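> The structure follows.
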Amino acid sequence: MVDADLRDLLYLAGLFATRIPPIDALRMVTADAATVLGISDRVGTLAVGKDADFVVLSGEPFALHTRVRTVFIDGERAYEPKSAGSSKVIRAAAF
C-alpha cells in the first residue's frame with residue numbers, strides 16, 4: 001500500500017465516522033479489514049498471541065487535531081515524535 005492509499009483510507013474512514021458510530025468506522029479499517037484480507041489471526045485487534053502493533057493517539061481517532069503520540073510494533077516502541085523544545089519568537093515592526 002502506498003502512502004496515498006493510506007491517506008485515502010483514513011479520509012474515507014473519517015467520512016464514515018460522520019455517518020456511523022466512530023467505533024464502527026474504526027472496526028472497518030482494523031478488524032474487518034484484517035478479516036477480509038485473511039490475516040485476522042495476526043492483526044486487526046489486540047489479543048494474546050497477535051502482533052502487538054498499535055498507536056497511542058492524543059484524542060479521538062478521527063478528530064481533526066488528533067496526533068500520533070507513540071507507535072508500537074510487535075509490542076516495542078517504534079516511534080515517538082520529538083518534542084518541539086523551546087521556541088524563539090521574533091517580532092518585527094510593521095512598515
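The values are calculated or read from the model by the stated rules, or taken from the named source; none is laboratory data. Computed from a prediction, not measured in an experiment: that's the story for all the values here. Neighbour counts run over all protein chains shown; Cβ positions are idealised from the backbone, glycine included. Each accessible area value is taken on the protein alone, full model and side chains, heavy atoms only, with ligands, DNA and RNA left out. Shrake-Rupley method; radii C 1.70, N 1.55, O 1.52, S 1.80 Å.
> It is to be established whether one or more residues within the stretch 22-40 are out of contact with any Asp or Glu (no Cβ under 7 Å at 6 or more places or on another chain), part of a helix (DSSP H, G or I), surrounded by 10 or more Cβ atoms within 10 Å (Cβ to Cβ) and among the polar types (S, T, N, Q).
Scanning the stretch 22-40 turns up at least one residue that is out of contact with any Asp or Glu (no Cβ under 7 Å at 6 or more places or on another chain), part of a helix (DSSP H, G or I), surrounded by 10 or more Cβ atoms within 10 Å (Cβ to Cβ) and among the polar types (S, T, N, Q).
> Hey, can you tell me all the residues within the stretch 67-86 that are open to solvent by less than 60 Å² (accessible area, probe 1.4 Å), modelled with pLDDT under 90 and at negative phi?
81, the sole residue that qualifies.
> Pick out the one residue from 43, 56, 48 that is under 18 Å from residue 79 (Cβ atoms), outside any helix (DSSP H, G or I) and out of contact with any helix residue (DSSP H, G or I) (no Cβ under 7 Å at 6 or more places or on another chain).
Of 43, 56, 48, the one residue that is under 18 Å from residue 79 (Cβ atoms), outside any helix (DSSP H, G or I) and out of contact with any helix residue (DSSP H, G or I) (no Cβ under 7 Å at 6 or more places or on another chain) is 56.
> Could you please give the count of residues in the stretch 9-20 that are in a loop (DSSP other than H, G, I, E, B) and open to solvent by 70 Å² or more (accessible area, probe 1.4 Å)?
So the count comes out to 2.
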